[in-house]
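Notes to accompany the following structure.
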Amino acid sequence: MLFRRFYDENLAQASYMIACERTREAIIVDPNSDTAQYIRAAGADRVRIAHVTETHIHADFVSGARALADAAGAVLHLSGEGTGEWVYSDEALRRATALRDGSRIDVGRIRLRVAHTPGHTPEHLTFFVSDLERGENPVGALTGDFVFVGDVGRPDLLERAAGAKGSMDSSARALFKSVNAFRREPDFLQLWPGHGAGSACGKSLGSMPQSTLGYEKLFNWALAKSPKQDLSRKFSKTSRRLHATSR
């Protein structure tokens, strides 16, 4: 498996290229508007961009997913999950392959298993990556704005930035459920988040480019072992505090 991380210091935003070394097919996840960098990287690594996707609708930078898919002649995959106004339009989904919880994308001998992880946004997806040359168990997860190093995605931003009134509490509850399910994944799972320190999408993001689920269970407040009721209240209180301080 070929793995490459792209990082925009100005946006504190990460995107990824994962490729199969046998078939030379690649997928780009969460590309920003500088689509040329991915085409250059694919050329340098002698791979073909066959798939393009993103973890969620981005409000903090311009997505390059559609433009990159068109330029590379790749299949575009977008989330078909979520409810309410903050979802991909019917027009966008007509021009893409809709992903649901449990969907998969095969990139040669690399497999991405799709999990719906709402909370930061209602349509958010996480991609569990398996190198089938080594086994079906996932080696890592592309978590987007769901789980960061040291934090999780803020559930209040949809209400504050997009004007979705009344969504903060329901987003916090959805995030709690997503995190609780995610905790059941193996501790060895590597985590490749969509943002680093400096992004407004989390409160206290770490500067390390990646982590493991086991490490985050020790030091990430949202993944710490706490009674479910206490942790659920903490999610809601944290969401309200962030909302109040960011007005």
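Descriptive notes on the structure:
- Across the stretch 54-95, the qualifying residues are those that are of a type in the set (Asp, Glu) and surrounded by fewer than 18 Cβ atoms within 10 Å (Cβ to Cβ), and the one among them that is nearest to Gln13 (Cα to Cα) is Asp60.
- Checking each residue in the stretch 95-148 for being among the polar types (S, T, N, Q) and not in a loop (DSSP other than H, G, I, E, B) picks out Thr97, Thr126, Ser130, Thr143.
- The conditions of being of a type in the set (D, E, K, R) and within 21 Å of Leu175 (Cβ to Cβ) are not met by Glu91.
- Hits in the stretch 187-213 - residues which are farther than 21 Å from Arg4 by Cβ, modelled with pLDDT of 70 or more and surrounded by 14 or more Cβ atoms within 10 Å (Cβ to Cβ): Leu213
- Restricting Ala41, Ala26, Ala98 to residues that are buried (at least 21 other Cβ atoms within 10 Å of the Cβ), closer than 23 Å to Ser130 by Cβ and either among the hydrophobic types (A, V, I, L, M, F, W, C) or in contact with a Gly (Cβ under 7 Å, 6 or more places away or on another chain) (or both) narrows the list to Ala26.
- Test: residue in the stretch 29-44 that is within 14 Å of Pro193 (Cα to Cα), hydrophobic (A, V, I, L, M, F, W, C) and at pLDDT 95 or above: yes
- Residue in the stretch 141-159 that is modelled with pLDDT of 95 or more and touching a Phe, Trp or Tyr at 6+ places or on another chain (Cβ under 6 Å) present: yes
- Taking the criterion of being at pLDDT 95 or above, of a type in the set (Asp, Glu) and within 21 Å of Asp34 (Cβ to Cβ), the only residue of the stretch 57-107 that qualifies is Asp70.
- Selected residue (only one of Val29, Val47, Val52 is under 23 Å from Trp86 (Cβ atoms) and out of contact with any helix residue (DSSP H, G or I) (no Cβ under 6 Å at 6 or more places or on another chain)): Val29
The values are calculated or read from the model by the stated rules, or taken from the named source; none is laboratory data. A quick note: this is a predicted structure, and the numbers were derived from the prediction, not measured. Every residue, glycine among them, receives a Cβ derived from its backbone with ideal geometry; neighbour counts consider all protein chains shown.
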